[in-house]
Amino acid sequence: MDSLLTVIGTYHDYFTLRSGQEHYRLLRYLGSQVDGNIVEIGTHAGTSAIALAIDSNHTILTYDIIDEKLKDHSDQTNIIFRLADYSTDKEYEDFILSSKMIFIDAPHNGVFERECYAWLKEKGYKGLTVWDDIHLNSDMKTFWADVDLPKQDITKYGHVTGTGVIYLLKI
């Protein structure tokens, strides 16, 4: 793990913060427990993708539309970094829809999250979705309040600005 944390650079200390402050411990745990591939929407610096991949043998597919801080984490052979819009990426659509978990961490304006949620439902995604920053601002709080499927607020294990799970599963 030390070599992985070296790659993260300035984000190294976030991995040591307690659950309820930062979500990296939760993501690492989820990555180790999910029995299948995982998708992340909102790569930023790649830190969450690394947390998901550290203890996982499965592939992590991570998306961002801005090449601002996207890094080549060459040590991470189980991460695929995509500079693309997940919703129009036909090459990986089957991968997304067959993944066991999707972590959504972008852009926290409520509009994007509604569109992502609607896209997942429309495409028939069946899996676990984890949403970051559900209490960050009024738009995110409204998005979270309007979710019409089973959900759970797990902020005490995740990020101080809110972490939620929406279950898009067959019942």
Taking region 98-111 as the region of interest, how many residues are open to solvent by 40 Å² or more (accessible area, probe 1.4 Å) and more than 17 Å from residue 53 (Cβ to Cβ)? 4
Which ones in region 42-60 are surrounded by fewer than 24 Cβ atoms within 10 Å (Cβ to Cβ) and either farther than 19 Å from residue 133 by Cβ or touching a strand residue (DSSP E or B) at 6+ places or on another chain (Cβ under 6 Å) (or both)? 54, 55, 56, 57, 58, 59
For residue 149, only one of the following conditions fails: (1) in contact with a Lys or Arg (Cβ under 9 Å, 6 or more places away or on another chain); (2) hydrophobic (A, V, I, L, M, F, W, C); (3) surrounded by 14 or more Cβ atoms within 10 Å (Cβ to Cβ); (4) modelled with pLDDT of 95 or more. What is its number? (3)
Test: residue 70 is part of a loop (DSSP other than H, G, I, E, B), modelled with pLDDT of 95 or more and hydrophobic (A, V, I, L, M, F, W, C): no
Would you say residue 143 is of a type outside the set (A, V, I, L, M) and closer than 23 Å to residue 58 by Cα? no
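The values are calculated or read from the model by the stated rules, or taken from the named source; none is laboratory data. This one's a predicted model, so the numbers in the text were calculated from it and none came from an experiment. Virtual Cβ from ideal backbone geometry, glycine too; neighbours counted across all protein chains shown. Just so you know, the surface numbers come from the protein's heavy atoms only, side chains and all, with ligands and any DNA or RNA stripped out. Shrake-Rupley method; radii C 1.70, N 1.55, O 1.52, S 1.80 Å.
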